[in-house]
1. Suppose the filter is under 30 Å from residue 6 (Cα atoms) and crowded, with 23+ Cβ neighbours inside 10 Å; does residue 191 pass it?
2. Could you run through the stretch 319-333 and say how many residues are farther than 15 Å from residue 279 by Cα, assigned to a helix (DSSP H, G or I) and in contact (Cβ under 8 Å) with a residue 24 or more places away in the chain?
3. Looking at the stretch 85-171, what helices (runs of 4 or more DSSP H) fall wholly within it and have at least 3 residues that are farther than 30 Å from residue 66 by Cβ?
4. Tell me, which helices (runs of 4 or more DSSP H) wholly within the stretch 192-272 include 1 or more residues that are touching a residue at least 12 places away in the same chain (Cβ under 8 Å) and either closer than 26 Å to residue 39 by Cβ or under 13 Å from the mean Cα position of the chain (by Cα) (or both)?
5. So which residues in the stretch 1-28 are in contact with a helix residue (DSSP H, G or I) (Cβ under 7 Å, 6 or more places away or on another chain) and not in a helix (DSSP H, G or I), if there are any at all?
6. Within the stretch 132-156, can you find the residues that are touching a residue at least 60 places away in the same chain (Cβ under 8 Å) and surrounded by 15 or more Cβ atoms within 10 Å (Cβ to Cβ)?
7. Return a yes/no flag: does the stretch 239-246 have any residue that is under 21 Å from residue 40 (Cα atoms), in contact with a strand residue (DSSP E or B) (Cβ under 7 Å, 6 or more places away or on another chain) and surrounded by 24 or more Cβ atoms within 10 Å (Cβ to Cβ).
8. Within the stretch 298-314, is even one residue in a helix (DSSP H, G or I) and surrounded by 13 or more Cβ atoms within 10 Å (Cβ to Cβ)?
């Protein structure tokens, strides 16, 4: 096993969860969380990391000097990002591009210099929004549903597979992640690095500081818990749009598996998500949040879509499951219930952030 694993973005929701999981799985390895603490709420993870024996290094992935000052890793997990699909619209995309693309470059340069393995956490947002929204679907009572017999490769009633076409616009955020994927693959080929890319669906769970543009599951539970206003946005404003949710613990299980056998996963690009069993619409999420919190909200309606909004995205993870046996074990109810329990347990700490 690796003497040391460096997690870029290691104090964020995903990075800190991965760091703690790896610390439990590989107690002989030093786990280093590297983060600039820019996203509000990431500072709340520092006591958890310290208590578990995870080393924290304050630094910015955009800075080669900051990364060079971190202890040398055998494996780099790139989990740093500006994660919002709405980032860059209505303003400059500079921070988005410099962080998501430039930061990945700096992490790859660190890997190249020291021959480290590289695990990149990408996103389902690499798939073009227009092509996704043009898929055949039906409108059911509580959700939109993909139909079988799609004319686009990689699309079926089971969701979106890895061979779905990549031509077309997706979002500024999705562009940075796809460009970073290409760079990861090129570095692997040019410098003999072992790399793996996970295209993750909507990741959700405790310690996610949900906002209107990112972290919808935590946002939805928190709004019900604290009785805050919510809106159904886009596609008629009825809340029928669908995404699949991947419990953070299921993602950590996958990353732990990959970190323990990089020789097996090297060169793979894999869809990782909750799949059809983990999918739900906003209306269905509302019903579950009402059950979990005991609170009912009047949800507003904004029929018009925002840039890069998607009607339906469900991860088809069959290639990953067939390859290594991994499959999500926690469904949407577990995701939302775990978030609710976390909010109750940590209310005094998270209230200022989740109600801002």
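1. Numbers: under 30 Å from residue 6 (Cα atoms): yes; crowded, with 23+ Cβ neighbours inside 10 Å: no.
No, not satisfied.
2. So the first thing to find is which residues in the stretch 319-333 are farther than 15 Å from residue 279 by Cα, and the list is 319-326.
Filter again for assigned to a helix (DSSP H, G or I), leaving 319-324.
In the following step, the residues that additionally are in contact (Cβ under 8 Å) with a residue 24 or more places away in the chain were identified as 319-320, 323-324.
Total satisfying the criteria: 4.
3. On the way: elements: 94-97, 103-114, 129-133.
Correct list: 129-133.
4. Numbers: elements: 216-226, 248-259, 262-265.
Per the criteria, 216-226, 248-259.
5. If the condition is that a residue be in contact with a helix residue (DSSP H, G or I) (Cβ under 7 Å, 6 or more places away or on another chain) and not in a helix (DSSP H, G or I), then 5, 7, 8, 9, 10, 11, 12 are the ones that fit.
6. Initial filter on the stretch 132-156 (touching a residue at least 60 places away in the same chain (Cβ under 8 Å)): 132-133, 135, 137, 139-140, 142-146, 154, 156.
132, 133, 135, 137, 142, 143, 144, 145, 146, 154, 156 - these are the residues of the stretch 132-156 that are touching a residue at least 60 places away in the same chain (Cβ under 8 Å) and surrounded by 15 or more Cβ atoms within 10 Å (Cβ to Cβ).
7. Keep residues of the stretch 239-246 that are under 21 Å from residue 40 (Cα atoms), which gives none.
Scanning the stretch 239-246 turns up no residue that is under 21 Å from residue 40 (Cα atoms), in contact with a strand residue (DSSP E or B) (Cβ under 7 Å, 6 or more places away or on another chain) and surrounded by 24 or more Cβ atoms within 10 Å (Cβ to Cβ).
8. First, pick out the residues of the stretch 298-314 that are in a helix (DSSP H, G or I): none.
Among the residues of the stretch 298-314, not one is in a helix (DSSP H, G or I) and surrounded by 13 or more Cβ atoms within 10 Å (Cβ to Cβ), which makes the answer no.
The values are calculated or read from the model by the stated rules, or taken from the named source; none is laboratory data. If you're wondering where the values come from, they're calculated on a predicted model, not measured in any experiment. In this analysis, Cβ positions are derived from the backbone assuming ideal geometry, glycine residues included, and neighbour counts consider all displayed protein chains.
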